[in-house]
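Colleague: Sharing a structure here in structure tokens format.
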Amino acid sequence: MQVYRVGGAVRDRLLERPISEIDWVVVGATAEQMRELGYRPVGADFPVFLHPHTGEEYALARTERKSGRGYGGFTFYASPDVSLEDDLIRRDLTINAMAEDDHGTVIDPHGGQRDLAARLLRHVSPAFAEDPLRVLRVARFAARYAPLGFTVAPETLALMRQLSESGELDALTPERSWKEISRALLEPRPDVFIQVLRDCGALKVLLPEIDALFGVPQPAAHHPEIDTGVHVLSVLRQCAEHHQPLTVRWACLLHDVGKGLTAEADWPRHIAHEQRGLRLIRAINERSKAPKDCQELALLVGEYHTHGHRALELKASTLLELLQHFDVYRRPQRFEEFIAACEMDARGRLGLEQRDYPQADYLRGAMQAARAVAVQPLLEQGFKGSQLGEALKLERLKALKAYKKTLEM
Ligand code: ATP
Ligand code: MG
């Protein structure tokens, strides 16, 4: 049997990028032989094994045929007579369809090295259209390699558009989609991910609420970029520049969806878009099966981002309500993420990327002031139950008033 490195490991070595994991393909072996050599099968009916020591993935060379809708609708054929070339042709992109043997010789039947040099994400064959997940994968690779100058080849984008328009994307399970979406949002150019999906018509299918933001104007005074979709892309870009976690990036993607519901007659203003958007955020959260922390932050940022921007003008009582609502006493980290999302929103505007955001420190200070109020003295004074809660709230309000005063001096 022969063993080759394949896929991402070969691609990233040629790009001189760090290699995250090595995938291997095995030619000329049976599943039986693999088990005898101590490899552990990953699943019952999938010809993939884990190395007994390194834990790396070893897949038997295989061919695939589509037998129905979605990913479940695939039949695999793995046998010792499947060649390396047979295996490489089923892969999505030319730059992912290269193998490398023990001597470092690259086997590249589909022009992967040519496309690496040309900085092109290009599909291997028309069989690309058999798995709609590839639309998301290509957009994700675009988000990762955009800083190196990569773009999607026009013929591949055309194929992605066909897939999007054919309704095939509906067959994707939320789990498979979320895996791609979450990974893509964490790439260096999450905005490119959304842009590529939009360019091929997939955004309209997967996240119509985001797609609807393009073409919706905002007041130039606050938003020199005007277009709401363009604004959201800039906010995502800021998230990447500032290394924000997934929760913040997800919340930023969704924070303005309410603006897509504003009646055209009211443009470019979007009064109460925060409240109007909540229903949409809830729907997107549920549809995408995002993890709980992402869902939660998206709803909070959607509802309160304007509070964040107006932090310095908020009355002490409003500030307290905000802090109580965020439960900053038990969840300070979540409030930090809220602050981060507000800051990204403020900077994700044309020409304002470097602006100061004094609201951030102000909100942090307010949180500290409220958290610094001690319960013990109130207990000692005999407060219990709901009265204790009220007394605590009053003390926190005092603390916030004092905090505001010190800053005004
Ligand atoms: P990453 O750095 O994100 O791991 P990768 O290229 O290694 O990138 P994997 O998802 O680990 O991506 O898959 C390994 C290889 O398997 C890919 O390079 C590609 O050749 C192939 N592959 C994975 N998923 C698909 C798919 N849905 N359709 C076609 N080929 C795929
Ligand atoms: Mg990989």
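No value in this document is a laboratory result; all are computed from the given coordinates. It should be emphasised that the depicted structure is a prediction, and the values quoted were computed from it without experimental measurement. A quick note on method: Cβ atoms are made from the backbone with ideal geometry, for glycine too, and the neighbour counts reach across all protein chains shown.
Colleague: For the chain, find the longest principal axis of its Cα atoms and tell me its angle to the long axis of helix 292-309, 0 to 90°, nearest 10.
Modeller: Approximately 40 degrees, to the nearest 10.
Colleague: Between Asp266 and Arg279, what length comes free when the chain is fully extended (0.36 nm per residue of separation minus the Cα-Cα distance, one decimal in nm)?
Modeller: Between Asp266 and Arg279, full extension yields an extra 2.7 nm.
Colleague: So for the stretch 251-409, Kirkwood radius off the Cα pairs, Stokes-Einstein at 10 °C and 1.306 mPa s: how many µm² s⁻¹?
Modeller: 92
Colleague: Within the stretch 1-110, what percent of beta bridges assigned by DSSP are antiparallel, to the nearest 5?
Modeller: 85
Colleague: Considering the chain as a Gaussian network with a 10 Å cut-off on Cα pairs, which listed residue, Arg35, Arg183, Arg161, attains the greatest mean-square fluctuation?
Modeller: Arg35
Colleague: What is the pair-distance distribution P(r) of the stretch 173-254, computed from all Cα-Cα distances in 5 Å bins starting at 0, with each bin given as a whole percent?
Modeller: Calculated over all Cα pairs of the stretch 173-254, the distribution is 3, 15, 25, 26, 19, 9, 2, 1, 0 percent.
Colleague: Okay, next question. Order these by the 10 Å Cβ neighbour count, fewest first: Ser288, Ser317. Display every interim value, and only then the final one.
Modeller: Values: Ser288 20, Ser317 12.
Ascending Cβ contact count within 10 Å gives the list Ser317, Ser288.
Colleague: Round to the nearest 0.05 the FRET efficiency obtained for Ala158 and Glu32 when R0 = 41 Å and r is the Cβ-Cβ distance.
Modeller: 0.40
Colleague: Under the classification rounded if a/c is under 1.5, otherwise prolate if a/b is larger than b/c and oblate if not, where does the stretch 139-198 fall, given a ≥ b ≥ c as square roots of the Cα gyration tensor eigenvalues?
Modeller: Note, shape of the stretch 139-198 comes out oblate.
Colleague: Let me ask something else about it. Would you list Tyr329, Tyr39 from fewest to most Cβ contacts within 10 Å?
Modeller: Tyr329, Tyr39
Colleague: Of the residues Glu337, Glu303, Glu56, which exhibits the maximal mean-square fluctuation in a Gaussian network model of the chain defined by a 10 Å Cα contact cut-off?
Modeller: Residue with maximal mean-square fluctuation among Glu337, Glu303, Glu56: Glu56.
Colleague: Taking just the C-alpha trace of the stretch 1-110, give me its Rg and Dmax in Å.
Modeller: Rg and Dmax of the stretch 1-110, Cα atoms, are 13.8, 40 Å.
Colleague: Around Ala59, under 10 Å between beta carbons, what's the net of Lys plus Arg minus Asp minus Glu among the other residues?
Modeller: Counting the neighbours of Ala59, the net charge comes to -2.
Colleague: Right, here's the next one. Nearest 500 deg cm²/dmol is fine: what mean residue ellipticity at 222 nm does the chain get from its DSSP H runs of n ≥ 4 alone, each adding -39,500 (n - 2.57), divided by its residue count?
Modeller: About -15500 deg cm²/dmol.
Colleague: Where does each of Thr318, Thr105 land when they are ranked from fewest to most other beta-carbon atoms within 10 angstrom?
Modeller: In increasing order of surrounding Cβ atoms, one gets Thr105, Thr318.
Colleague: If you look at just the Cα atoms of the stretch 317-409, how large are its Rg and its Dmax in Å?
Modeller: According to the Cα coordinates of the stretch 317-409, Rg and Dmax are 15.7, 56 Å.
Colleague: Right, another one. Rg over Rh of the stretch 207-320, using C-alpha atoms and the Kirkwood radius, what does it come to?
Modeller: Radius of gyration over Kirkwood radius for the stretch 207-320 works out to 0.96.
Colleague: For the chain, modelled as a Gaussian network with Cα springs under 10 Å, which listed residue fluctuates most, Leu394, Leu278, Leu172?
Modeller: In the Gaussian network model the winner is Leu394.
Colleague: Using every alpha carbon pair in the chain, what percent of pairs falls into each 20 Å bin from 0 up to the bin containing the largest distance?
Modeller: Taking all Cα pairs of the chain, the binned fractions are 23, 45, 25, 7, 0 percent.
Colleague: So what's the net charge close to Leu261: Lys and Arg +1, Asp and Glu -1, counting the other residues with Cβ under 15 Å from its Cβ?
Modeller: -2
Colleague: If you don't mind, another one. Count the net charge of all other residues whose Cβ sits under 15 Å from the Cβ of Glu16, scoring Lys and Arg as +1 and Asp and Glu as -1.
Modeller: +3
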